[in-house]
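K.L.:
Got a structure for you, written out below as structure tokens; questions coming shortly.
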Amino acid sequence: MQNLASLSCLPLDPVDPELQQRLGIDTPHEVLQTFTQNGLDIEEGDILVVSSVEYPIRAVEEWYWGPDSADTLRLIVEDLKR
């Protein structure tokens with residue numbers, strides 16, 4: 001497991017219920033997504049740290065913005081409200 005603290009990514013946004021269901025993420029916590037560059041060693045179970053808040057990564061998948069954009073990862077994280 002890694003803590004990912006020096007990573008450039010887009011702001012966290014809510015995940016739609018269809019995506020959450022497709023990925024099989026069953027949790028009482030809010031599920032969020034962000035996008036970052038591909039080629040990083042990021043895996044499910046790693047921790048993304050944003051503004052000192054830790055978000056467990058529940059899924060990682062390549063994301064294509066267009067035909068020539070295979071350089072993006074979508075990170076699905078869980079917001080553990082405490």
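The values are calculated or read from the model by the stated rules, or taken from the named source; none is laboratory data. Remember, it's a predicted structure, so these values are computed and weren't measured experimentally. We place every Cβ from the backbone using ideal geometry, glycine too, and count neighbours over all the protein chains shown.
K.L.:
Specify the residue that is modelled with the highest pLDDT; the eligible residues are those in region 10-62 that are in a loop (DSSP other than H, G, I, E, B) and of a type in the set (Gly, Ala, Ser).
P.N.:
In this case the residue turns out to be 45.
K.L.:
Restricting to region 41-53, what's the tally of residues that are over 9 Å from the mean Cα position of the chain (by Cα) and either surrounded by 16 or more Cβ atoms within 10 Å (Cβ to Cβ) or within 14 Å of residue 14 (Cα to Cα) (or both)?
P.N.:
Total satisfying the criteria: 3.
K.L.:
Can you run down the residue pairs with Cβ atoms below 9 Å, 6 or more apart or on separate chains, where the first is in region 71-82 and within 26 Å of residue 39 (Cβ to Cβ) and the partner is of a type in the set (Ser, Thr, Tyr) and outside any strand (DSSP E or B)?
P.N.:
72/64; 78/27
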